[in-house]
Amino acid sequence: MKRLLTIAAALLLGATLHAQEIATTHICTIDRRLPNDGDCCGDLFFQFHSQNQEPETDCHGVSVADLRTGTTLAFTDLGFNQSFHNSSITFARRKACLFDRFPLLYASENYAGNDYYKIHVYRVRRAGNDFTFDILQTIEMPSPDSLGILFPHAIPDVDGRHMWIEGYSADKKRTVFLQFDLPAFRIGSTVELGEPLRRFDIKRKKVTDQAYCMRDGKFYQVVGVKREAWLRVVDMASGTLEREVLFNDHGLPYEPEAVFFWHDRLCVSFSFDGKAEIYTVDLL
């Protein structure tokens, strides 16, 4: 009887995770190739684009879109870097200067044989529809061997005091979350992350981890490619997977690249035909 109850509970949990409905609304298209991750500040969405294997293209930079109107305002060229792939992009709470319009932007990068792990801290400034991105600090992430994860995605915590790194285990069976102290911000400095303060993991989908963000004690993670793409919600306190949605079941057979909040609306940017298609995603 105990075994039957255990099986029934597992089946109920699986049904709860997978039987979630969503409502989606298309916001805009960013007509710029090879989108990576991005984040929102106010009504402006900043999406990084890069492809480390295509130095002759014009896709190494940042698109800025106004989500109220669905229009792209600008593209800023950041130049080609053969070790450059933007795995996670997140605005922090603090600013470089009290009078800055935008808070600091943390962009983590990894490529070059999985041994290039850095977080660039950008100061974003705007003059009309011209945007500049200046690197004010570099944070060096620990090596993959020391962390036991592959292809890390690093984002600052909303508490302003910590950094989270998400990656997958060396056997590619688990998604791992690691919490660190956030290094103090000092202009012109290169600093290292210390030892992890906390670690937990969940079972991983057998598809690519793309991006994640946080809100109200939850991680919102997008994984997969266009043939199988998922939204997963993870509770930070318990370290458990709460729910997941297969985008393909809802008419979105695209590759997810970015997940972020526009005010209180969860949004996902997908890659389709090399362009970025941005949708709101309401969890029902």
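Any read-out appearing in this document is the output of simple, stated calculations on the displayed coordinates, not a laboratory observation. Since the model is a prediction, treat every value here as computed from it, not as a measurement. All Cβ positions, glycine included, derive from the backbone under ideal geometry; neighbour counts span all protein chains shown.
Summary of computed values
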quantity	calculated
Virtual spin-label span in nm between Ile187 and Phe200, 7 Å along Cα→Cβ	3.9
Over 23 Å (Cα to Cα) - which of Lys203/Lys275; Lys206/Lys226; Lys118/Lys203; Lys173/Lys218; Lys205/Lys226; Lys95/Lys275 fall in this group	Lys203/Lys275; Lys118/Lys203; Lys95/Lys275
Protection proxy ranking of 123-133, 31-41 - average other beta-carbon atoms within 10 Å, highest first	31-41, 123-133
Net charge, Gly224 excluded, C-beta distance under 13 Å - Lys, Arg +1, Asp, Glu -1	0
Degrees, to the nearest 10: 2-18 long Cα axis against longest axis of the chain	30
Cα point-scatterer Debye curve for the chain, base-10 log of I(q)/I(0) at q = 0.07, 0.15 Å⁻¹	-0.25, -1.17
Reach of Lys172 by Cα under 15 Å, taken over aspartates and glutamates that are not fewer than 8 positions away in the same chain	Asp145, Asp201, Asp209
Positive-pole candidate from Ser63, Gln137, Val207, dipole of the stretch 19-283, charges at beta carbon	Gln137
Percent RCO, i.e. relative contact order, over the chain, from Cα pairs under 8 Å lying at least 6 residues apart	18
Cα centroid of the stretch 58-72 to Cα centroid of the stretch 139-192, whole Å	27
Calculated [θ] (222 nm, deg cm²/dmol) that DSSP helices of n ≥ 4 give over the chain, each run adding -39,500 (n - 2.57)	-2000 deg cm²/dmol
Ranked Lys203, Lys118, criterion: other C-beta atoms within 10 Å, fewest first	Lys203, Lys118
Taking Glu192, Glu244 and counting other C-beta atoms within 10 Å, the order from fewest to most	Glu192, Glu244
Student exercise, the stretch 19-283 dipole from Lys, Arg, Asp, Glu Cβ charges, in Debye to nearest 20	420
